[in-house]
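Any read-out appearing in this document is the output of simple, stated calculations on the displayed coordinates, not a laboratory observation. These numbers were taken from a predicted model, which means no experiment stands behind them. Virtual Cβ from ideal backbone geometry, glycine too; neighbours counted across all protein chains shown.
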Amino acid sequence: MNPEQPAPPPGPDRGTRAEDRPARLDIGVVGTGRVGPALAAALRLAGHRPVAASGVSERSRRRAAELLPGVPLVDPAEVLARADLVLLTVPDDALPGLVTGLAETGAVRQGQLVAHTSGRYGAAVLQPVLRAGGLPLALHPVMTFTGTPVDVQRLAGCSFGVTAPEELRLAAQALVIEMGGEPEWIAEEARPLYHAALAIGANHLVTLVNQAMELLRTSGVEAPDRMLGPLLGAALDNALRSGDAALTGPVARGDAGTVSAHISELGDHAPRMVAGYLAMARATADRALAHGLLAPERAEDLLDVLSEGGRGQ
């Protein structure tokens, strides 16, 4: 083995069939939303053994039953009592309180691996776990989850934002690799910026796509998803390959008249979308100018139109 590559946790050769490998870690999941069951199912494929999970809503319980059949649903303290590796897969705002409560009630054991999947937080939020003798890991899968078995397959090649104490770095990376993912080390202080970048790219994309589909339906298009699919797929591919050089459209060209018409039509048919259009148009104009795609003399009229559109809101 290359000494620079992270070693997998102790266990049999990964080339053997999963059903022939003894489980190396007992896995527990606290929070059976969309993420936790998928990660536990992926670890099961790697030879580990999910042994307990906790979930509150009926939907989360059904999800656990589908992705983790036979795994009992118990309270969070019991999950920790049964597991060597605990996945805390709860909403960001609930994570600090959950961690503190588990540590203060003595649920965390000496040497127990405790990993959360929040993008916002690094390992510092798990300080109560560390003080209780646990081993803290931040393993954030950079993927949107559906809560269905397809998520397990989508983990193949998925990047994970990994933050952990230096002595646990190889263990964290090895777990990600066993789930089929690609570990990417994120410094503790960079976690909020890292998460903001992902939110801009993924969350806002969903809003933009659905706004575009809504407007196309209003304009009479019967299958807006079919119309947008090739266009947006090409735009995403071009952006990832070429960066700002992929900018196109009326804003990047400085077509002030076209942009003015857009603002007018949105004001008539979808006034709630005008503010978002203006904000994205200004950001696009700034990037096109900086990249030399938008000539300064054309930018002046364009920016006047955007400014007038903003005053009309």
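Multiplying the residue separation of Ala197 and Ala94 by 0.36 nm and subtracting their alpha-carbon distance yields 34.9 nm. Counted over the stretch 18-186, the DSSP beta bridges are approximately 15% antiparallel.
Which net charge results for the neighbourhood of Leu113, defined as the other residues with beta-carbon distances under 15 angstrom from its beta-carbon, given Lys and Arg at +1 and Asp and Glu at -1? Local net charge: +1. Distant-in-sequence amide contacts of Ser118, defined by a placed amide H-H separation under 5 Å and a gap of 5 or more residues or a different chain, comprise Leu139.
Here Leu236, Leu113, Leu137 are placed in order of increasing Cβ neighbour count within 10 Å, fewest first, which gives Leu236, Leu113, Leu137. Taking the longest Cα principal axis of the chain as reference, the axis of helix 256-269 is set at about 70 degrees.
Evaluated with a Cβ-only charge set (Lys, Arg +1; Asp, Glu -1), the chain carries a dipole of roughly 860 debye about its Cα centre, given to the nearest 20.
Modelling each spin label as a point 7 Å along the Cα-to-Cβ direction, I'd like the Glu265/Arg241 distance in nm, to one decimal. Each label point lies 7 Å from its Cα, and together they span 2.8 nm. Mind giving me the FRET efficiency for His204 and Glu66? R0 is 25 Å, r the Cβ-Cβ distance, nearest 0.05 is fine. Efficiency for this residue pair is about 0.25. For the chain, the mean residue ellipticity at 222 nm estimated from helices alone is -14500 deg cm²/dmol, where every DSSP H run of n ≥ 4 contributes -39500 (n - 2.57) and the total is divided by all residues, rounded to the nearest 500. The Cβ shell under 12 Å around Ala199 holds other residues with a net charge of 0, Lys and Arg each +1, Asp and Glu each -1. Note on the chain: Rg/Rh from C-alpha atoms, Kirkwood Rh, equals 1.07. Rounded to the nearest whole Hz, the Karplus-based 3J(HN,Hα) values (6.51 cos²θ - 1.76 cosθ + 1.60, θ = phi - 60°) of the stretch 44-56 follow the sequence 4, 4, 8, x, 7, 10, x, 10, 6, 8, 10, x, 9, with x at glycine and proline. Ranking Thr117, Ala46, Val221 by how far each Cα lies toward the positive end of the dipole of the chain (charges on Cβ) leaves Ala46 at the top. Annotation: amide H of Trp185 within the under-5 Å range of Val162, sequence separation 5 or more or interchain, hydrogens built in the peptide plane. The alpha carbons of the stretch 128-239 occupy a box of 62, 28, 27 Å along the principal axes, longest dimension given first. Where does helix 224-242 land angle-wise versus the long Cα axis of the chain, in degrees 0 to 90, nearest 10? The answer is roughly 80 degrees. Beta bridges assigned by DSSP with both partners in the chain are antiparallel in approximately 15 percent of cases.
Highest GNM mean-square fluctuation among Val99, Val108, Val251, for the chain modelled with Cα contacts below 10 Å: Val251. Using a Gaussian network model of the chain in which every pair of alpha carbons under 10 angstrom is joined by a spring, one finds that among Ala239, Ala64, Ala172 the greatest mean-square fluctuation is at Ala239.
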